[in-house]
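Chemist: Sharing a structure, written as structure tokens. Questions coming.
The values are calculated or read from the model by the stated rules, or taken from the named source; none is laboratory data. Keep in mind that what you see is a predicted model, and the values were worked out from it rather than measured. Note that we place each Cβ from the backbone using ideal geometry, even for glycine, and neighbour counts take in every protein chain shown.
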Amino acid sequence: MISKKARGWERDMKRRVISVSGKGGSGKTMISALLIREILAECDRSGVGCCVLAIDADPDANLADALGVSYEKTVGDIREKILEEKQREIGMDIRIRFEAKIAEIMVEEHGFDLIVMGRPEGPGCYCPVNHILRAAIDALSRNYDFTVIDCEAGLEHLSRRTTQDVDVMIVVIDETMKSIRTALRLIEIARELDVDVRNMFFVANKITTEETKKRIEAAARRHGIEISAFIPYDQSVARFDIEGIPVVNLPDDSPSVVAVRGIVKMVMSDDS
Ligand SMILES: Nc1ncnc2c1ncn2[C@@H]1O[C@H](COP(=O)(O)OP(=O)(O)O)[C@@H](O)[C@H]1O
Ligand SMILES: [Mg+2]
């Protein structure tokens, strides 16, 4: 039922669920795509093939573009169908049905599978369905070595509990104070709600100069945030974006790729 790549359980590898959240436009999608690329590259380098589940949890889905793949259906599309079936009381466990349907719409690529969440909800109340959906995605992600979730810009994914518990929550900030305020709200909400986040890494993206790097580092520290990694403003990311080239095709030595490689090493060596 699940993709043939989903075989993480066969090896004794530490599985990790990584979420990428932060202010809209801070670079979540770019970072998620490069994380997936560099996780696969790191696994290759160390001779342990691994499989990654990519989840685009942003209704304004563009992780597929960043990864250079296309998709036909989103989880939002099948949620409504399953809900209709449930209302008609067609037997069979709804979670199992979700799992099977999600596996059907999953995009299978070399090294990774992609699930696009799509629209969060329609006019009705989907709370119980969201709960089952989350359980189905939790169950699916257990079959992969790594799950990377590109979260939506707001905080709804946390408050609606459509995001599962995570091992590493990467919070992206940029050079703006607004992005620090979003990061602070994310920390607060993750604490208030019962989201099990084992570790939080703060990543500052699109850093233009040494001076702004120091300024943002100091501003974050004043709010109790220690930045773990800096990603420079990368002209080639901007150029790829303008030309519509998937960001995963950046050269190995691009400043953004080199920086994300460092983040992957940090995440992989994190044993907390
Ligand atoms: N390090 C970077 N250097 C240059 N441009 C970047 C960088 N990171 C992201 N961008 C650009 O910033 C914009 C927002 O990035 P995106 O990943 O879509 O953000 P989000 O997913 O948080 O909304 C895009 O145009 C992207 O190309
Ligand atoms: Mg995005």
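Chemist: Name the residue that is farthest from M169 (Cα to Cα), counting only residues in the stretch 233-257 that are within 11 Å of ligand 1 (Cβ to nearest atom) and of a type in the set (A, V, I, L, M).
Modeler: I242
Chemist: Restricting to the stretch 221-232, give me the number of residues that are buried (at least 16 other Cβ atoms within 10 Å of the Cβ) and either over 20 Å from the mean Cα position of the chain (by Cα) or away from ligand 1 (no atom under 11 Å from the Cβ) (or both).
Modeler: 5
Chemist: How many of the residues in the stretch 38-68 are in contact (Cβ under 8 Å) with a residue 60 or more places away in the chain and either assigned to a strand (DSSP E or B) or within 16 Å of ligand 2 (Cβ to nearest atom) (or both)?
Modeler: Adding up the residues that qualify gives 14.
Chemist: Working only within the stretch 57-82, note down all residues that are under 16 Å from the mean Cα position of the chain (by Cα) and closer than 21 Å to I96 by Cα.
Modeler: If the condition is that a residue be under 16 Å from the mean Cα position of the chain (by Cα) and closer than 21 Å to I96 by Cα, then A57, T74, V75 are the ones that fit.
Chemist: Pairs please, first residue from the stretch 187-207 and at negative phi and assigned to a strand (DSSP E or B), second anywhere and among the aromatic types (F, W, Y) and at pLDDT 80 or above, Cβ atoms under 7 Å, 6+ apart in sequence or on different chains.
Modeler: Between residues of the stretch 187-207 that are at negative phi and assigned to a strand (DSSP E or B) and residues that are among the aromatic types (F, W, Y) and at pLDDT 80 or above, the close pairs are A204/F230; I207/F230; I207/Y233.
Chemist: Here is a follow-up. Out of K81, K14, I need the residue that is more than 12 Å from ligand 2 (Cβ to nearest atom), part of a loop (DSSP other than H, G, I, E, B) and farther than 25 Å from P255 by Cβ. Which one?
Modeler: The unique qualifying residue is K14.
Chemist: Cβ-Cβ distance below 8 Å, separation of 6 or more or different chains: which pairs start in the stretch 244-272 with a residue that is more than 16 Å from E42 (Cβ to Cβ) and end on one that is assigned to a loop (DSSP other than H, G, I, E, B) and of a type in the set (G, A, S)?
Modeler: Taking only residues 6 or more apart or on different chains, the pairs are P246/G68; N249/G68.
Chemist: What number of residues within the stretch 21-58 are over 15 Å from V248 (Cβ atoms), within 12 Å of ligand 1 (Cβ to nearest atom) and either of a type in the set (S, T, Y) or in contact with a helix residue (DSSP H, G or I) (Cβ under 8 Å, 6 or more places away or on another chain) (or both)?
Modeler: Residues that pass the stated criteria total 6.
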